[in-house]
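Visitor: This is the structure I have questions about; it appears just below.
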Amino acid sequence: MSENNHPISEVLHITMDKVKEMVDANTVVGQPITTQDGVTLIPVSRLSFGFATGGSDFGKTQNTPKNFGGGAGAGVSVIPMAFLIVKDGSVRMLPVAPPPGDTVSRVVDLVPDMFERVTGYIDKKSAGEAEQEVL
């Protein structure tokens, strides 16, 4: 019996086809959702999967009928991680993960937001000073 015609090959191929159905690009980066006010939300997920297969073949002598025992399984885990928010030509990432457990991780997570706020404050202050010079 060739390997391509062996029952374990069939079990393996069917299981892999089912895994391919579950795991595709639309699972990791979801379909965009557009709101009425023109904001587009794109879900982003973490994907992990496991796969196992097994088999057996009995009856190695010619007088014994061929037996077969086999099995396969797969598992998929999809964890939502963030949303990409597209509004007025700008893109922002909104994480949906729970906040970090320790203080250092919280500070590291806050740095980009604080940088954005400080930059916005400086830009507003510079614009206000420029208006005063014109007057």
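Visitor: May I ask you to rank LEU94, LEU41 by accessible area, largest first, using a 1.4 Å probe over the protein chains only?
Guide: If we order LEU94, LEU41 from most to least accessible, we get LEU94, LEU41.
Visitor: At a 10 angstrom cut-off on C-beta neighbours, averaged per residue, how do the peptides 47-54, 117-124, 11-18 rank from highest to lowest?
Guide: 11-18, 47-54, 117-124
Visitor: Further question on the same structure: Between PHE58 and GLU116, what is the label-point separation in nm under the 7 Å Cα-to-beta-carbon projection?
Guide: 6.4 nm
The values are calculated or read from the model by the stated rules, or taken from the named source; none is laboratory data. Remember, predicted model here, so these are calculated numbers, not experimental data. No Cβ is skipped: glycine too gets one built from the backbone with ideal geometry, and neighbour counts run over all protein chains shown. Areas reflect the complete protein model, heavy atoms only, side chains present, ligands, DNA and RNA absent. Shrake-Rupley method; radii C 1.70, N 1.55, O 1.52, S 1.80 Å.
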